[in-house]
Amino acid sequence: MADVDNRNRNRRSNRAGQPNPKREARAKAAERHVATESEACAKDIERSLAGVREFDGMPAGFVSAMKAKVQSAVATEEQVAEDVEGAEAAETEAAPESEAAPETEAAPEPVEEPAEEIAGAESAPAEEPAASLPEVTVLDASATQAILDNGRGYAQFCDMAVLAFASFTNPGGGYIQGYLGQEATLCADSYLYNVLDKQRKWYGENRRRNINCELYRNRALVVPAVRFDRNHVHAYADVIVAAAPNVKRARQEYRVSDDALLDALRDRIRFVLAICDELGREKLVLGAWGCDNNGFDAEAVAELFRKELASGDFKVKQVFFAVPSTRWDEDFAKFEHVLANFPERNEESYAQVAARAAAARAAEQIQAATEDDEDEDDWRKYL
């Protein structure tokens, strides 16, 4: 498929009840692709099916790490408080002695520290190294292209994970019905749908008890080492299948507040990053998750990703935001703007930058029009 993510073309469907020839053609192409992959990649599909993992809630390893971090911070604060109290007490005790001291005092002799204290100081643990932050890149490309350009060509050496902007209740996000989107694009370039179609029980469980006012819950599938292929180039990546909250339906049907929506997405982002840590993958492909059809603003989503990746809580080393630029949205420009100074926050909003750029373009057009008027030959001088 083309690099351009066609997620917004679903909006241009025919009137209700009328056939959509383009979608029907895509559905037939999807069926052929699934049949072809089932034969050509039978061994890979079997391996991936055997290794599918379900995550229901934050991974235990991440929860333990966060608890240890909190305990360490509390212990540090308590130690600092004790040191301050000890210093204040020492100053209080030394004050009367200094007042009663004679005018001339002999210089104090150096006091040798006990050997036990010296040994204890030498054996004291060194300070923890500063948290390493990932290298962040915003790409004007599809997720598949990011995988092919930065992944590895052997399943056993797979070091990359990719987030599929998944449907919470429908395998492949309607790929087999001819719908478009990031998850459908991943299915079209791999055998991902062949594996997801076998997870109907998991999707059924999501429908039954995990809709949660269209915010959904921290539930995900991981399909290991999926082979992605395009134009005779291939690479492998683990696929994290997780759904962002559905903003439009949560607002319309349940009147969920904007703050609650952002909190839910922030928690879901941490969930995905924690899964990547659990998998031990050094590279991660993300994107404009939850934007456009789901209803989140791309600038707000990019800022949530920036905060979490800059927190130092996660181990991933390279993050690629695959955000194809289209004529329907400004997602790529917004992500590029927010992450331009990573890990620092861009103090200027995208709207301010866009307004300044528009004003500059308007000024250039006015100047160009003025210059054209000055250069125009006056016909009256020939009379």
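Place a point 7 Å from Cα of TYR254 in the direction of its Cβ. Which residues in the stretch 24-64 have their backbone N less than 17 Å from it? The answer is 57, whose backbone nitrogens lie closer than 17 Å to the label point.
Taking 15 Å as the cut-off, the amide N atoms of the stretch 184-204 that come nearer than this to a point 7 Å along the Cα-to-beta-carbon line of ALA29 belong to 184-190. Neighbours of CYS41 by Cβ distance under 15 Å: Lys/Arg scored +1, Asp/Glu scored -1, total -1. Taking a point 7 Å out from the Cα of ALA362 in the direction of its Cβ, none of the residues of the stretch 308-344 has a backbone N less than 20 Å from it.
The Cβ shell under 13 Å around ARG152 holds other residues with a net charge of -1, Lys and Arg each +1, Asp and Glu each -1. Taking a sphere under 11 Å around the Cβ of ARG345 and counting the other residues whose Cβ falls inside, with K and R at +1 and D and E at -1, yields a net charge of -2. Note on the stretch 249-383: along the principal axes its Cα atoms extend 85, 39, 25 Å, ordered by decreasing extent.
Within the straight-line cut-off of under 29 Å between alpha carbons, the lysines reachable from LYS201 are LYS28, LYS43, LYS248, sequence neighbours fewer than 8 places apart in one chain being disregarded.
Look at where the Cα atoms of the stretch 270-286 and of the stretch 167-245 average out, and the two centres are 16 Å apart. Using every pair of separate Cα atoms, the Kirkwood estimate puts the hydrodynamic radius of the stretch 217-272 at 13.5 angstrom.
Here, each number is a calculation from the coordinates, and none is a lab measurement. Bear in mind the structure is a predicted one, so any value in this text is a computation, not a measurement. So basically every Cβ, Gly included, is an ideal-geometry build from the backbone, and we count neighbours across all protein chains shown.
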